[in-house]
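The values are calculated or read from the model by the stated rules, or taken from the named source; none is laboratory data. Because the structure is a prediction, the values reported are computed rather than measured. Every residue, glycine as well, gets a Cβ built from its backbone with ideal geometry; the counts of neighbours run over all protein chains shown.
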Amino acid sequence: MVDGGHQNDGQYEDQNDDRNGGHQHCYAVVMAGGGGTRLWPLSRKQHPKQTLSLVEERSLFQTSLDRLLPLLPLERIFVVTAGDQVDGLHAQYTQLPRANFIVEPLGRGTAACIGLAALHISRLDPEAVMIVVTADHHIQDHDAFTRALEAASAVAQDGYLVTLGVTPTFPSTGYGYIRFGDNVGNVAGFHVFEVDTFVEKPDVEAAERFVAAGNYAWNSGMFVWRADRILAEIALWMPELHEILDDLGRAWGTEAYLGRLSALWPTLRKETIDYGIMERAQRVAVVPVDIGWSDIGTWDTVMAAHTPDGDGNVLLGDVLQIETENSMAVAQGGRLIALVGVDDLIVVDTPDAVFITRRGLSQQVRDVVKRLEEGRGARYL
């Protein structure tokens, strides 16, 4: 945690949120439109990673909604995704009203995704506070996650753009970092800091310095803010997106809406919410959390989310190992995987494709997918 040199203005000192009355204007948005190419060959266009059960019995998408239920009813949880994924996602969570799926004609980055969701939610509730999460995170401590969202929601109601910053457990080079500024107080046992700066994915030496310094957190990509506040920031910093959202707002509730959406959305350039808004905005706060979080983006992170056996192996499915260490095998091809005398390997077997790589190199599966896209491999995608 940050040292005592930070100022505390006492704004949130010992504040406790009302768990019953404080949620009436709270909504959640689950971003679930990614293709998950870094988890090929299990993740495919027709079966993207959020629909897969990679860590728990339920899929990443199902657990992402399950985690929100202690805080919100399903009626106030919305999912932003691609049109061709709605049926598959709804089949996994039939209790979620189909009207709560917000469809993007195509992905234009997290800024556009969040802006479209904010437009929808602000039309339902002008005072809405939005919780923004993604469908590909694994979180071990669900109770701490719920309490952190409650604390962040209380701060967001005061006009802050709030992000959850994950307390680093090792010097990761795969995540961006957030450096804390002044301590603005505490909410329900959580420290709240102003954000000093966002830092892109560092090299090893920089990551080691960040972890040792104690005033950095991993950028989780989870946010809480008022819908009207994020729309105002979009108007300020992303005028092209604002103009399109304004156009869609005028067509809201009419037969023209879907046509305008289909026509306008492809004209947007891709942009993340971090680049587009968070790195520029004022009154940005971070709530550091220790919730057992990981972004399930590669086979290495899938392995890290599991508890290994005594030899450091994670063996999923019908796998036999002899004198094998620090390896992961995922047997989804309907056959036995036998590992003998190997270490630091990742093996993923499906009915029509096998992926084998060294640990630490699994992100390079994107190169495989690119080759398949360029050549004869469309049937494998």
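Scan the stretch 125-135 and tell me whether some residue there is part of a helix (DSSP H, G or I), in contact (Cβ under 8 Å) with a residue 24 or more places away in the chain and either out of contact with any His (no Cβ under 9 Å at 6 or more places or on another chain) or buried (at least 21 other Cβ atoms within 10 Å of the Cβ) (or both).
Taking every residue of the stretch 125-135 in turn, none turns out to be part of a helix (DSSP H, G or I), in contact (Cβ under 8 Å) with a residue 24 or more places away in the chain and either out of contact with any His (no Cβ under 9 Å at 6 or more places or on another chain) or buried (at least 21 other Cβ atoms within 10 Å of the Cβ) (or both).
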Qualifying residue in the stretch 237-251 (condition: in contact (Cβ under 8 Å) with a residue 40 or more places away in the chain and closer than 29 Å to residue 146 by Cβ): no
Inside the stretch 28-48, can you point out the residues that are assigned to a helix (DSSP H, G or I) and farther than 22 Å from residue 308 by Cα? 37
Flagged in the stretch 349-380 as surrounded by 15 or more Cβ atoms within 10 Å (Cβ to Cβ) and out of contact with any Gly (no Cβ under 9 Å at 6 or more places or on another chain), in numbering order, are 355, 357, 359, 362, 365, 372, 380
What is the residue count in the stretch 236-277 for residues that are under 24 Å from the mean Cα position of the chain (by Cα) and in a helix (DSSP H, G or I)? 11
Which residues, counting only those in the stretch 40-98, are more than 23 Å from residue 350 (Cα to Cα), in contact with a Phe, Trp or Tyr (Cβ under 6 Å, 6 or more places away or on another chain) and polar (S, T, N, Q)? none
Reported set for the stretch 240-281 where residues are within 29 Å of residue 181 (Cβ to Cβ) and either aromatic (Phe, Trp, Tyr) or not assigned by TED's automatic domain parsing to the domain that holds residue 163 (or both) is 275
Scanning the stretch 102-149 for residues that are more than 15 Å from the chain's Cα centre (by Cα) and among the β-branched types (Val, Ile, Thr) gives 102, 103, 121, 129, 146
State all residues of the stretch 278-304 that are within 24 Å of residue 351 (Cβ to Cβ), of a type in the set (A, V, I, L, M, F, W, C) and in a loop (DSSP other than H, G, I, E, B); if no residue qualifies, say none. 296
Filter result for the condition that a residue is surrounded by fewer than 20 Cβ atoms within 10 Å (Cβ to Cβ), touching a helix residue (DSSP H, G or I) at 6+ places or on another chain (Cβ under 6 Å) and either among the acidic types (Asp, Glu) or over 21 Å from residue 29 (Cβ atoms) (or both), over 188, 235: 188
Number of the exception - residue 150 against (1) assigned to a strand (DSSP E or B); (2) under 22 Å from residue 24 (Cβ atoms): (1)
Considering each residue of the stretch 325-381, count those that are outside any strand (DSSP E or B) and either more than 25 Å from the chain's Cα centre (by Cα) or in contact (Cβ under 8 Å) with a residue 12 or more places away in the chain (or both), and give that number. 33
Would you be able to say whether some residue in the stretch 63-78 is in a loop (DSSP other than H, G, I, E, B), buried (at least 19 other Cβ atoms within 10 Å of the Cβ) and among the aliphatic types (A, V, I, L, M)? yes
Among residues of the stretch 337-381, those that are under 15 Å from residue 43 (Cβ atoms) and of a type in the set (A, V, I, L, M), counted: 9
Please specify each residue of the stretch 84-101 satisfying the condition of being within 18 Å of residue 252 (Cα to Cα) and under 18 Å from the mean Cα position of the chain (by Cα). 101
Can you pull out every residue in the stretch 79-124 that is crowded, with 16+ Cβ neighbours inside 10 Å, part of a loop (DSSP other than H, G, I, E, B) and of a type in the set (A, V, I, L, M, F, W, C)? 96
